[in-house]
1. Looking only at the stretch 16-55, count every residue that is over 14 Å from MET137 (Cβ atoms), open to solvent by 50 Å² or more (accessible area, probe 1.4 Å) and of a type in the set (S, T, N, Q) and tell me the total.
2. Right, SER75: in a strand (DSSP E or B), surrounded by fewer than 20 Cβ atoms within 10 Å (Cβ to Cβ), free of Cβ contacts under 8 Å to residues at least 60 places away in the same chain and not basic (Lys, Arg) or not?
3. Would you confirm, using the coordinates I've provided, whether ASP94 is open to solvent by less than 70 Å² (accessible area, probe 1.4 Å), outside any helix (DSSP H, G or I), farther than 27 Å from LYS17 by Cβ and of a type in the set (Asp, Glu)?
4. Quick one: would you say THR104 is more than 20 Å from GLU138 (Cα to Cα), out of contact with any Ser or Thr (no Cβ under 7 Å at 6 or more places or on another chain), open to solvent by 30 Å² or more (accessible area, probe 1.4 Å) and modelled with pLDDT of 95 or more?
5. Of the residues GLY70, GLY58, GLY85, GLY115, which single one is free of Cβ contacts under 8 Å to residues at least 24 places away in the same chain and touching a strand residue (DSSP E or B) at 6+ places or on another chain (Cβ under 7 Å)?
6. Determine the pairs where a residue that is free of Cβ contacts under 8 Å to residues at least 24 places away in the same chain and open to solvent by less than 10 Å² (accessible area, probe 1.4 Å), located within the stretch 150-172, has a partner that is part of a loop (DSSP other than H, G, I, E, B) and among the basic types (Lys, Arg) with Cβ atoms under 6 Å apart, the partner being 6 or more residues away or on another chain.
7. From the list VAL64, VAL110, pick out the single residue that is surrounded by 17 or more Cβ atoms within 10 Å (Cβ to Cβ), of a type in the set (Val, Ile, Thr) and either modelled with pLDDT under 90 or in a helix (DSSP H, G or I) (or both).
Amino acid sequence: MKVLIGTTNPSKIKRFKELLDGCEVEFCTPEDLHIESEPEEKGNTPEENAIIKVKFYGQFWDMVICNDSGLYFDSLPLEDERQPGLNIRTPYGDKRLEDEEMITYYANLVHSIGGKVLAFYLDGIAVYNKGKVSSFMENNETTRLSAFYMIDKPSEKRHAGWPLDSLSLNRNTLTYFVEKEDNRYDTTRENIMLGEYRKRLIAFLKEALKIE
């Protein structure tokens with residue numbers, strides 16, 4: 001089975017390869033298929049944007065996985081214009097920031113609101129399988145458990161495709177996400193809850209793609 005991952009982000013590609021490790025799935029990207037156009041992401045949630053993406057890439061391939069994320073700062077009202085939300089890479093509008101530009105922008109933003117904020121991602125995933133669209137978004141409890149600190153002083157280390165890991169700290173150990181030894185969720189209860197979320201996500205992907 002060959003599945004198109006609707007992204008050029010190397011970290012997202014790695015994530016889905018790991019989630020479906022052991023399955024007979026071969027992955028390709030828009031670059032592999034010479035797809036140069038991109039969907040207009042006008043949804044109100046990560047799940048809606050993921051659905052928009054898979055419908056778009058479904059024009060080019062029978063089986064597609066897409067993902068979208070929103071970043072939120074707990075200390076800011078949802079309607080605050082500084083809230084990253086769905087525009088993590090495009091805080092200025094149409095201009096898409098490169099990794100280092102993102103680190104600079106968010107370091108300055110966090111500095112402007114005190115230098116340290118509690119943050120969380122909301123994640124949406126969608127699958128296109130020969131015309132049928134299925135979607136999945138994490139629940140509020142999992143989102144709360146995955147909260148972390150973002151600070152205004154970046155680590156020197158980088159995760160390609162996930163630049164904000166260089167500004168993000170495990171809220172229990174206060175180590176950067178880019179640190180090799182870091183375990184983002186280091187309490188037993190959190191590990192159990194996030195392990196269950198991972199199981200639900202894998203089950204969703206297998207069901208949507210009809211993987212035995």
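1. Qualifying residue count, the stretch 16-55: 1.
2. no
3. On the way: open to solvent by less than 70 Å² (accessible area, probe 1.4 Å): no; outside any helix (DSSP H, G or I): yes; farther than 27 Å from LYS17 by Cβ: yes; of a type in the set (Asp, Glu): yes.
Against the criterion (open to solvent by less than 70 Å² (accessible area, probe 1.4 Å), outside any helix (DSSP H, G or I), farther than 27 Å from LYS17 by Cβ and of a type in the set (Asp, Glu)), ASP94 does not qualify.
4. Yes.
5. It is GLY85.
6. Note: pairs meeting the criteria are ASN170/ARG184.
7. VAL110
The values are calculated or read from the model by the stated rules, or taken from the named source; none is laboratory data. Owing to the predicted nature of the structure, the values given are computational and were not obtained by experimental measurement. Please note: Cβ atoms are built from the backbone with ideal geometry, for glycine as well, and neighbour counts cover all protein chains shown. Calculation scope for accessible area: heavy atoms of the full protein, side chains included, ligands and nucleic acids excluded. Shrake-Rupley method; radii C 1.70, N 1.55, O 1.52, S 1.80 Å.
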